[in-house]
Every structure is written in C-alpha cells, then in structure tokens.
Amino acid sequence: MTADSQIDLIPVRALNQVTYCPRLYWLEYVEGLMVINEYVEDGTLKHSRVDDPKTANRPRRERETIHTRSVSLASEQLGLTGKLDLVEEKDGAIYPVEYKRSSAPTNADGQATCWENDAIQLCAQGLLLEEHLGRPVPEAVLYYMGSKTRVRVPLDVALREKTSAAITLIRTIAAADQPPAPLPPDLTYRCNGCSLLTICQPEETRFLQVAGEAVSPETRPATISCVLPELDEGAVLYLQEQGSYVGKRSEHLVVNLQGQEINRVPLAAVRQVVLFGKVQISTQALETLVQLEIPVALLSRYGRFIGALMSAPSKNIMLRVNQYQTFSDPAKALGLAKAAVKAKIANQRTLLMRSLRSQSQDEEDPIRGSDDPAAIEMARMLARVDEASDTGVLLGLEGQAASAYFSVFGRMLHGPVPGSAFDFYARNRRPPRDPVNALLSFGYALLAKDTFSAVLTVGFDPYLGFYHGSKHGRPSLALDLMEEFRAPIGDSVVLTLVNNGMLTTADFVEWNGACQLTEAGRRTFFETYERRKATLVTHPLFGYKMSYGRMLEVQARLLAAYIRGDVPAYQGLTVR
C-alpha cells in the first residue's frame, strides 16, 4: 500500500463521530481540532490496558479464549483503517471487541443494548477483520466499561448498509467547502459532554444563521447556554524587574534577582506569563509552560508588544486556508472591517456619553451625553460606515470619529486642577509624551497581547488581517479584533486610574520627550487592567454573562464561524 493511497483511508472511529454528529466529524477530522476534557481523559485512562504497546498484536490465551489486543488493520477496497481494541477467538469463532467508557443503554425491557453509532464503528471493524481473514464475521461485541456489560452485536445486512452509508456521508462531508449545520434542537442533548462544544457553539450558530445580518440585541434569545467559563482561571504573571531570571523548581515558577528569590508561583495558578525587556527565562521553564499551553508574551521594557510563545500552532489548517481566501476577497474584507469600525465607534461613543452623564451634578437637568457635539459627530460617522465604498473611505470615517472622541477625552478625566499632569489635549504616541497618552499606549499594548493570544487559541494566523495592512512583524488580525475592545477595556482602565487617583506624577518618568510608567506604576496598571478584564458583562447578542477577557475569545470564535461559512455575517461586540 502506497503512502498516497493511505491518505484517503477513513479511520473507523470517524464513522462513530459522523453518525453521532456530522459537524463533530468535520471539526475533528477535517479541521483537525481536538480538545481534552474530563470525558476524553477518562476514556484514555480506561483504554490504557487495551492500548498497552507491550501486548499489541500478540495473541494470548486466557482460559478458553485467545485475545489479541491493539490490532491495526487497513483496507484499500473498503477505504477504512483502524485499530481494533481486541480480537477474540473462542469456540471456532473470531470477532472484534470494542471498549467504550460509558455505560450500556437499555431497551424498553430493561435489557442492555448499544448505541447505533457504536454499532456502526464496530461493524466497520468487523468488515476489516473479514477481509483480513478471508472469512465471514457474523457478529461482534461491544464492552461498556461504565456498566461492565458485554453486548453482542449481529453484523447483519441492515447494519452493514448503515455502515456503508456512514462511509459515503464522510466522503461527501470531506469534499464540501463548509461544515455541516449544528444538530437540530431536538438532538442537542448529544452536545452535553462533547469536548468540542466550546468551538462548535451550536446554539449561537443556529441563532445567527436564522437572524442573519439583521441580528440585534432586541432579537436575542434568552435561552442560549454559556459554554465557555465566565472567567479565565488562574492569574497573569507580569515580570518586569530588569535582570531577573525565571526558572522552574518542582511545580513552581521561581523568580530570582541578583541571586535572591523574589517570587515563587505555583504553575497551577498561572494562565499567562508576560515578560518585559531584559527578563531571562530558563529552557526548562519555557518547555513546561508550552506543554501546559500557558502562553508567554514578550513586550519591550517600555511596554511595546513584540510577540508571544505558545504551543504548536493549531492543526486547524482549514481555518487558516479560509482566512487567507476570505481576507483576499475585497468585498468580504471590507465587510469585516466595517463591523469592527462600527463596534469601535459605538463603544467609544457609549463610553463618552456614560462619562459625561456621570459628571452631572444637577439631578433635575442631567447632562445628556448624546447631545454633546462630539457624540453627535461620532453618530454621524457611525451612520456613514455602511456606505463606505472602500478601505480608504472607512479609514477616513474612523479617523474623524477618533478625532471627535479624543477632542473631548480630557473632559472625561477628573483632574484635580487645570494644568495638572493628567490634563489631556490630543492623542500622541511613538513615543507618548504625557502621562495620559502613556497610559493609553500601555493599555493598548496589553490589549494587543491578549487579542494575539485569543486569535492563536482559535487557530488563526495573527499576522494576516482584514483591515490593518499586512506588514512584516505586525499582528494585523490581533489589531483588527482589538478595535472593538479599545474603549471598554483600554480606555476604561485609564479613566479608572486617573479619576480614582490611583496614580500620581511619581508613577511616571520622562526622558528625551517620552513619558513612561515606572515599575510601581505598572504594577498598579496591571492590577486595574486584570480587574477590568474580569468584569462580567452581558453579551449583546446571546444574553449570557462572561468577563471581558472571555469575550475576546468569543469574538474570535464568531469570526471563525463566519470564515468557515457557518454564519452569514460577523458582528462586532458593542457595549451599552
């Protein structure tokens, strides 16, 4: 058998998946996605004896039965390949035995039976064994470990026809350009416990398929389940002490500075490590972090995002292929850019109006933020976004909205006295020349770091975007996605720090026309930034609550759903 011919052989396990849920087959076998949850771990543990390489393909007599474990078979004629858990020979009969971690279902009479998808997988194993032996295999056995039940399965004509139909279905799905639709509502009980539920997002996908581009908060359902955790587990470890060294000792990360231990953190409590400037890290620590899928972000000493180190890229090559194709289509790229810009302007305008209202001291005649000239101008730009004929026009509208927004940004800051260090007159950067601009730039750098991790987690190429031009070393897609979150995360953190008096002029250092936070000031910024990311908000489309940090991943997955053809449009996140 040649290497080329093996490429098209279908794993017998895939027949189980496609019968249970065609979309599950697509995600796992076409896009190459796999998530380990407690059920997968439990199945792996229970299969450990069956999969022991020391006993593979070695017949062993156990009383009156001969057992051969982990038997690998393949057939070009059948188009199948697979590893049989066990081949059993007894009383002149030979048949496969497939182990399942769950308990056996029961029929109306209370007798143990089997699930149809398990039977089809088992039948495929029987067909492989028939061809290998050159003799009929009329029946096989399913062993359900959860209930310690053996169920004999006749490999009759009806089951063989269902198995053949499953093979044909796989060929059809694999040749398609788009994944199958999520299971219908009456079969969604099958989604419970599925390891790919957070990627598939069946309820969100069904809702957006029906709503199309007309989706709005007013049309959102009230019953969509939140399948992603509300909050990120673990802490972000920020390391900025120049000359410090991070090593691994037992199950801890240990930080040393000039030979003295200054910090020790359990690995189990860390979800991300951020290194600033000249902070060294050992190979052993990096290897452990990669194995645990804990990303390591690299920033310059003054907070410019450089890149990130993560585990091997997602096997989801189909998503990246579709990403390249979609972003190369000017009309589709412009549509995505419009969605991002609309969300950015809407969120900036919301923050502006909310800040102006909070400053009103007259309960009888409160400030109406929507009447502010800047808010009116931003609403005018927002209304024109859909009319933009190309990216150049869109950039102009975004720039005008940003100009109106930052022209009044200083009014949102409650400085102690006019002319203080926290007065804001205009946006400046590269480098920032005053404390407020230093805070804005630093917040956007941290936000770029987090969006970079989000798009990598989903499986995108972070360097190919739909709006920001492709440039060597620029994570364009991360910058595209972060537009929606600039105001609700980055700008909100700056307003919190200044208006609550959490920073003083002593927390900044100015040199050669540049203004930067001190290490102490950064620590305050980190704490406030992470608190903001942990703030629970209601998703404007789906109605469930989750943190801003989790919303980054949700938006990246919604973008993936659009790119793979699941939903007709992408909508940016807007806050109220």
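Key figures
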item	result
Estimated FRET transfer efficiency when R0 is 35 angstrom, pair ARG523-SER407 (beta carbons, to 0.05)	0.65
Dmax and Rg, reported as Rg then Dmax, of the chain (C-alpha, Å)	28.7, 96
Fraction of beta bridges assigned by DSSP in the chain that are antiparallel (%, nearest 5)	70
Mean Cβ neighbour count within 10 Å, used as a protection proxy, ranking 91-100, 457-466 highest first	457-466, 91-100
Two-site FRET efficiency, GLU76 against ARG101, from Cβ-Cβ distance with R₀ of 41 Å, rounded to 0.05	0.85
Cα shape, segment 235-309, gyration tensor, a/c 1.5 rule	oblate
Footprinting exposure proxy for ARG557, ARG264, ARG61 (fewest neighbouring C-beta atoms within 10 Å first)	ARG61, ARG264, ARG557
Under-5 Å amide H pairs with ILE10, H placed in peptide plane, nonlocal only	LEU80, THR81
Cβ crowding within 10 Å averaged over residues, with 120-130, 544-554, 147-157 ranked highest first	120-130, 544-554, 147-157
Förster radius 56 Å - calculated FRET efficiency between LEU169 and ALA506 (Cβ-Cβ, nearest 0.05)	0.25
Separation of the GLU62 and ARG429 label points, Cα + 7 Å toward Cβ, nm	6.4
Packing rank of 486-492, 254-260, where each peptide gets the mean count of other beta carbons within 10 Å, highest leading	486-492, 254-260
Cα gyration tensor shape for segment 317-563, rounded if a/c is under 1.5, else prolate or oblate	prolate
Contact order relative to length of the chain, as percent, for alpha carbon pairs under 8 angstrom and 6 or more apart	13
Projected label distance in nm at SER282 and GLU139, using a 7 Å step from Cα toward the beta-carbon	6.0
In sequence order, calculated HN-Hα J values of segment 192-199 (Karplus, 6.51, -1.76, 1.60; Hz; x Gly/Pro)	4, x, 5, 5, 9, 4, 5, 8
Within the chain: Cβ-based charge dipole about Cα centre, in debye rounded to nearest 20 (Lys, Arg +1; Asp, Glu -1)	980
Distance violations [Cα-Cα > 24 Å] among LYS344/LYS533; LYS100/LYS545; LYS344/LYS449; LYS248/LYS278; LYS342/LYS533	LYS100/LYS545
Share antiparallel - DSSP beta bridges, segment 235-309, percent rounded to 5	60
ILE376-ARG152 pseudo-label distance in nm [points 7 Å out on the Cα-to-Cβ vector]	8.6
For ILE306, residues with placed amide H under 5 Å, excluding near neighbours	LEU298, LEU299, SER300
Equivalent-ellipsoid semi-axes of segment 447-520, from the Cα gyration tensor, Å, largest first	30, 16, 10
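Every number here is computed from the coordinates shown, using simple stated rules; none is lab data. Computed from a predicted structure; not experimentally measured. Here the Cβ is made from the backbone with ideal geometry for all residues, glycine too, and neighbour counts use every protein chain on show.
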